[in-house]
Amino acid sequence: MLRCHQARLRIRRKNWLHALCAVCSLMFSIRAVAQDAAWPQHLGPSRNGISAETNLLDKWPVGGPKEVWRVKGGVGMSGLAISGGRLFTLVQREGKQGVVAHDAATGAAIWRTVVAPAYENQMGDGPRATPTVAGNTLFVFTGEGILAALNAPDGRALWSHNTVKELGGQPAEYGMACSPLVVGTQVIVTVGAPNATVVAYDTVTGKPAWTAGSDSTGYSSPALLDVGGREQVVVHSGSAVLGIEPKSGAVLWRHPYVTDYNCNIATPIAVDGRVFVSSGENHGCILLALEPSGNTFAVDEVWSSQGTRSVLRNEWQTSILLDGHLYGMDNVGGAGPITHLTCVEAATGKRVWQETRFGKGNLIAADGKLFMSSLKGELIVARASPRGYDEIGRSTVIGSTRQAPALANGLLYLRDNDDIACFDVSK
């Protein structure tokens, strides 16, 4: 009997240890997922404005989402990147453009590194591009076109290139705005030099890898897209859309897309293996199909909606693709004051609904919702549904801003020309 009792105790103890190990493993997995949640570049993890996070607010709190922290930042239109528990952005203060790093959970300052003199422009001073984090390296692009690599943990400068000067180009009229794209061992930016629409550098050494194209720069950031049955870097230059082979820089296709003042700003996105681009200045949008032709592609227009009656004219906001529908800001006129929030059926270009005179803003998506910032400094959350506009709530939380929010670990981040702020948007 005693032996049986002891045996039962051993079995219970073993089962208890197994259960404890399972719980610990689950807790470790949850922590790992939380630590991995990041917004490491322009438009988030996949450069499409979409986060995989869930359990985000679906009822508007009294007074709006809880402010977690707020710190002083600086002048500029650079967006926010979050990775490894740190927040990074470019700011201009004390007569210089610099990169700042803050603790993403508390806002505590970690480091600041100056990368260029102050940049001044009639459309707004300071840097424009969002930093990109790849591993322990941070890549930034200044208002005049200096591409710099820094050590993310401590801000130590690794290498830099004045891309526009070195490649014999001219800065874009309203400032260089391309957010760096990292593909493998290369970092890629749009420069718009005579023989270098796009340039790639080795991420470690900074050595030039290749150049491609001869179009002007525009203000869009390139994206790595799986389109036409092939992964390629898609670039919206000042006068065309181009597909580029990532390793060699070979131009695979080019489609003319000319706007007034080279104002192609939104990032290209993939729609079922096709390429969608949109521009403001009363231009419009287009969906392009790519047909392989040897080592290159023939380009066909699936649908096009151009001019004053276009269904979607993205000014400086990239549309969001969710469940076959595009949600985006439709700006009326040449950088005019009227902007409608619009839902379009991506396959056909048919407008599904429109929230008229919504106002200028920017947007990302997560958990079936649109998280939007407005030029008035509002944070607005609405359900993403083709059935119509369904607002959860809105609050004024910051000064005037053009940047889209950044989202990581249930925390939403915004900045203006004065502050960087963090809000809890979890349930």
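The spacing between the stretch 262-282 and the stretch 52-112, judged by their C-alpha centroids, is 27 Å.
Across the stretch 207-263, Cα pairs under 8 Å and at least six residues apart give a relative contact order of 31 percent.
When the C-alpha to C-alpha distance is required to be over 29 Å, the pairs from LYS72/LYS207; LYS59/LYS350; LYS96/LYS165; LYS247/LYS360; LYS66/LYS96 that qualify are LYS72/LYS207; LYS59/LYS350; LYS247/LYS360; LYS66/LYS96. Sorting 362-369, 48-55, 402-409 by their mean Cβ neighbour count within 10 Å, with the most densely packed peptide first, gives 402-409, 362-369, 48-55.
Which one of SER305, PHE358, SER279 has its Cα pushed farthest toward the positive end of the charge dipole of the chain, where Lys and Arg give +1 and Asp and Glu give -1 at the Cβ? The residue sitting most towards the positive pole is PHE358. Calculated FRET efficiency, GLU391 to THR185, Cβ-Cβ distance, R0 = 45 Å: about 0.55 to the nearest 0.05.
Taking label positions 7 Å along the Cα-Cβ direction at both ASP226 and ASN295, the computed distance is 2.4 nm, reported to one decimal. Note on TYR261 and LYS66: the extension gain reaches 66.1 nm, defined as 0.36 nm multiplied by sequence separation minus the Cα-Cα distance.
Taking the chain as a Gaussian network of alpha-carbon nodes connected by springs under 10 Å, the highest mean-square fluctuation of the residues GLY135, GLY169, GLY228 belongs to GLY135. From the Cα gyration tensor of the stretch 308-368, with a ≥ b ≥ c the square roots of its eigenvalues, which class applies: rounded if a/c is under 1.5, or else prolate if a/b is larger than b/c, or else oblate? Verdict is oblate for the stretch 308-368. Result for the chain in a Gaussian network model with C-alpha springs under 10 Å: among ARG415, ARG47, ARG357, the largest mean-square fluctuation is at ARG357. Using the Cα gyration tensor of the stretch 194-291, with a ≥ b ≥ c the square roots of its eigenvalues, what is the shape: rounded (a/c below 1.5), prolate (a/b larger than b/c) or oblate (neither)? Here the stretch 194-291 falls in the oblate category. For the chain, the C-alpha radius of gyration divided by 2.2 N^0.38 Å, with N the number of residues, is 1.05.
What the Cβ-Cβ distance of LYS165 and ALA335 gives, at R0 = 35 Å and to the nearest 0.05, is a FRET efficiency of 0.75.
One quarter of the surface of the convex hull around the alpha-carbon atoms of the stretch 147-208 equals 4.4 nm², the direction-averaged projected area.
The distance between label points at ASP419 and LYS350 comes to 4.5 nm (points 7 Å beyond Cα on the Cα→Cβ vector). For a Förster distance of 45 Å, can you work out the FRET efficiency between the beta-carbons of VAL204 and ASP272, rounded to the nearest 0.05? Once rounded, the FRET efficiency stands at 0.80. When only the Cβ of Lys, Arg, Asp and Glu is charged (+1, +1, -1, -1), the dipole of the stretch 40-424 relative to its Cα centre reaches about 380 debye. Taking the chain as a Gaussian network of alpha-carbon nodes connected by springs under 10 Å, the highest mean-square fluctuation of the residues ASP323, ASP272, ASP125 belongs to ASP323.
Values quoted throughout were computed directly from the atomic coordinates according to the rules given, and no laboratory measurement underlies them. No experiment lies behind these values; they were computed from the predicted model shown. All Cβ positions, glycine included, derive from the backbone under ideal geometry; neighbour counts span all protein chains shown.
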